[in-house]
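Heads up, the thing below is written out as structure tokens.
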Amino acid sequence: MTEPTTRVAHAWRPDRFMVIAAHPDDAEFGPAGTAARWIDAGSQGWLVCCTSGDQGGDDPDADPLELAALRESEQRSAAAIIGYAGVTFLHQPDGALANDLPLREHLVREIRTFRPDAVLATDPDTLFYKGGGINHTDHRAAGLAAVDAVYPAARNPMAFPSLARSGLAAHRVRRLYLFWSDRADTWVDISATLDRKLDALRAHASQIHEPEGLATRIRSWAAEEGSGIEAAAAEALRLVVIDDDEDEGPG
Ligand SMILES: [Zn+2]
């Protein structure tokens, strides 16, 4: 039998964190309120977009390269609103993202360069959403590649040895926070940053056609997540602790 649990607002904060997303706008639909809250409290955040969203439109005659450039510029504006220190685009193909060795090497390079304590990524376990719908293949691939890059590759100096030889030493990410998860177990109070999340979402103008309707829906979801921790708004995450705070092993 499991004991009934009382939810509390999540208080731990990484000094440095990295959000790994499949597409421009995923980070804003995802944990932008958490990212903004942590940045306001002194954390440094970095955003990695695996693709540039070059299939994110309805016009088959549209130029995918033009769309990618537009979406990168929208993503940079959104990231500036949240306060990320920077954004990296890996320029992988939208709709065809694969958790393969080249993608993992890209992600390990990013992790070893920025050296985050925590990585936030899409939950790769989500194939069908509980409330209906299918999780995009790129979200699953990016989530799985992020997990595999975090552990073991980023912390294993023998993985992708050319990285260590070029000065990018192994790095231990201590925690993973998975978003868009049906197994959320962690709620971050975003009451103070929900408006900024909505502003950042509006920066993705090519993707968002009814910003007011979207804002209403997001406010209502955030209020629902917040109700369990007695906050006006929250984001729900699934936390994976890889290294306990007490576990200060070398390397
Ligand atoms: Zn997406």
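The values are calculated or read from the model by the stated rules, or taken from the named source; none is laboratory data. In this text the structure is predicted, and so the values were computed from the model without any measurement. In this analysis, Cβ positions are derived from the backbone assuming ideal geometry, glycine residues included, and neighbour counts consider all displayed protein chains. Ligands, DNA and RNA are stripped out before the accessible areas are found, and what is left, the full protein with its side chains, is counted by its heavy atoms. Shrake-Rupley method; radii C 1.70, N 1.55, O 1.52, S 1.80 Å.
Kindly evaluate residue 165 against the criterion of being open to solvent by 30 Å² or more (accessible area, probe 1.4 Å), at pLDDT 95 or above and not aromatic (Phe, Trp, Tyr). Taking the combined requirement at face value, the residue satisfies it.
Of the residues making up the range 53-92, those that are more than 18 Å from residue 207 (Cα to Cα) and assigned to a loop (DSSP other than H, G, I, E, B) are 83, 84, 85. If the condition is being among the hydrophobic types (A, V, I, L, M, F, W, C), open to solvent by less than 70 Å² (accessible area, probe 1.4 Å), within 16 Å of the ligand (Cβ to nearest atom) and over 17 Å from residue 56 (Cα atoms), then the range 142-155 contributes 145, 146. Look through 96, 78 and report the one residue that is at pLDDT 95 or above, crowded, with 21+ Cβ neighbours inside 10 Å and among the aliphatic types (A, V, I, L, M). Among 96, 78, only 78 is at pLDDT 95 or above, crowded, with 21+ Cβ neighbours inside 10 Å and among the aliphatic types (A, V, I, L, M).
Taken over the range 39-63, the criterion of being touching a residue at least 12 places away in the same chain (Cβ under 8 Å) and either crowded, with 24+ Cβ neighbours inside 10 Å or within 16 Å of the ligand (Cβ to nearest atom) (or both) is satisfied by 45, 47, 48, 49, 50, 51, 52, 53, 54, 55, 56, 57. Does the range 37-48 contain any residue that is part of a strand (DSSP E or B) and not hydrophobic (A, V, I, L, M, F, W, C)? Within the range 37-48 (the criterion being part of a strand (DSSP E or B) and not hydrophobic (A, V, I, L, M, F, W, C)), the answer is yes, since at least one residue qualifies. Taking the criterion of being open to solvent by less than 10 Å² (accessible area, probe 1.4 Å) and more than 16 Å from the ligand (Cβ to nearest atom), the residues of the range 1-34 that qualify are 14, 17, 18, 33, 34. Taking the listed residues 100, 94, the one that is closer than 27 Å to residue 74 by Cα and either of a type in the set (D, E, K, R) or under 14 Å from the mean Cα position of the chain (by Cα) (or both) is 94, with no other qualifying.
Right, residue 91: of a type outside the set (A, V, I, L, M), away from the ligand (no atom under 13 Å from the Cβ), open to solvent by 10 Å² or more (accessible area, probe 1.4 Å) and under 18 Å from residue 180 (Cα atoms) or not? The answer is no for residue 91. Residues of the range 108-141 that are within 14 Å of the ligand (Cβ to nearest atom), among the charged types (D, E, K, R) and open to solvent by 40 Å² or more (accessible area, probe 1.4 Å): 140 alone. Taken over the range 169-198, residues that are under 20 Å from residue 25 (Cβ atoms), basic (Lys, Arg) and within 14 Å of the chain's Cα centre (by Cα) amount to 1.
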